[in-house]
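This is the structure I want to talk about, given as structure tokens.
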């Protein structure tokens with residue numbers, strides 16, 4: 001039974017060995033396939049238009065992946081979003097971990113937040129973690145965030161937020177969508193932050 005889907009869109013320094021078993025379905029996208037191959041991690045599905053790999057590299061991917069889906073370069077979705085849609089189609093209840101490096105393009109950075117908002121994925125790279133927090137009371141495990149220097153929150157729509165056990169705390173703060181009032185917070189050693197909101201929000205953790 002598949003418990004989790006891993007989507008890899010780029011090279012990273014993240015150790016992926018914990019995913020390399022039959023409990024996880026692994027999707028490679030573009031040069032993320034080459035990262036999986038170099039780390040000797042299985043590729044259950046390679047999907048992309050593969051316009052960023054050389055013909056020789058594509059041949060290696062085709063030989064390595066269990067299944068490959070080569071998309072047209074002119075399409076309605078980003079390659080990573082196509083991978084998410086395929087994962088949702090195949091395993092609708094499985095959580096998705098999505099690895100993609102940061103880019104100099106602001107539009108692509110914004111698209112990452114949209115993917116988290118629209119599909120409830122966990123977006124990860126060497127420097128950043130982005131995920132959605134549901135409405136209600138959320139306790140963040142200190143051990144899952146201690147490698148990050150900054151913890152920021154963004155409202156998807158107007159909400160009230162209360163923050164406890166962090167460097168900067170608030171109670172029933174009126175939080176407007178994409179307001180900059182909850183940026184660059186920080187953890188307190190060995191304390192789990194408690195985040196309460198009336199609507200779902202985005203958390204971005206950065207090293």
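Using alpha-carbon pairs under 8 Å, 6+ residues apart, how would you state the relative contact order of region 118-171 in percent?
Averaging sequence separation for qualifying contacts and normalising by length gives 16 percent for region 118-171.
Given the rule -39500 (n - 2.57) for each run of at least 4 DSSP H residues, summed and divided by the residues of the chain, what is its mean residue ellipticity at 222 nm, to the nearest 500 deg cm²/dmol?
Calculated from helices alone, the mean residue ellipticity at 222 nm is -6500 deg cm²/dmol.
Give me the Kirkwood hydrodynamic radius of region 131-206, using the inverse of the mean 1/r over all pairs of distinct Cα atoms, in Å to one decimal.
Values: mean 1/r = 0.0830 Å⁻¹.
Taking the inverse mean of 1/r over all distinct Cα pairs, region 131-206 comes out at 12.0 Å.
With the chain treated as a Gaussian network of Cα nodes joined by springs under 10 Å, which of 153, 25, 145 yields the largest mean-square fluctuation?
145
Using the alpha-carbon centroid of each, what span in Å lies between region 155-189 and region 88-103?
26
Looking only at 97, 29, 53, which one moves most when the chain is put into a Gaussian network model with springs between Cα atoms under 10 Å?
Comparing 97, 29, 53 in the GNM, the peak value goes to 53.
If you don't mind, there's one more thing I want to ask. Could you give the angle, 0 to 90 degrees to the nearest 10, between helix 79-90's Cα long axis and the longest principal axis of the Cα atoms of the chain?
90
Follow-up question, since we're still on this one. Calculate the spin-label point distance for residue 206 paired with residue 3, positioning each point 7 Å from the Cα along the beta-carbon direction, and give it in nanometres.
Distance between the two pseudo-spin positions: 3.3 nm.
Here's another thing I want to ask about it. Explain nothing, just the number: relative contact order of the chain, from Cα pairs under 8 Å at least 6 residues apart, as a whole percent. Write down the numbers at each step before the final one.
On the way: 439 pairs, mean separation 37.3, N = 207.
Once normalised by length, the contact order is 18 percent.
Now a separate question. Where does helix 106-119 land angle-wise versus the long Cα axis of the chain, in degrees 0 to 90, nearest 10?
Tilt of helix 106-119: around 80 degrees.
Multiply the residue separation of residue 157 and residue 120 by 0.36 nm, subtract the distance between their alpha-carbon atoms, and state the gained length in nm to one decimal. Working shown, then result.
Working: separation 37, 0.36 × 37 = 13.32 nm, distance 1.55 nm.
Going from the current span to full extension adds 11.8 nm.
Cβ neighbours within 10 Å, averaged per peptide: list 191-200, 39-48 in order, most packed at the top. Please list the in-between numbers first.
Details: 191-200: 17.9, 39-48: 19.8.
By packing density, highest mean first, the sequence is 39-48, 191-200.
Let me have the relative contact order for region 4-126, percent, based on Cα pairs under 8 Å that are six or more residues apart. Show your work: numbers first, answer last.
Working: 207 pairs, mean separation 35.2, N = 123.
Once divided by the residue count of region 4-126, the mean separation gives 29 percent.
None of the figures in this text is laboratory data; all of them are computed from the coordinates on show. Predicted model, so just to flag it, every value in this text is computed and none were measured. All Cβ positions, even for glycine, are placed from backbone atoms using ideal geometry, and neighbour counts span all protein chains on display.
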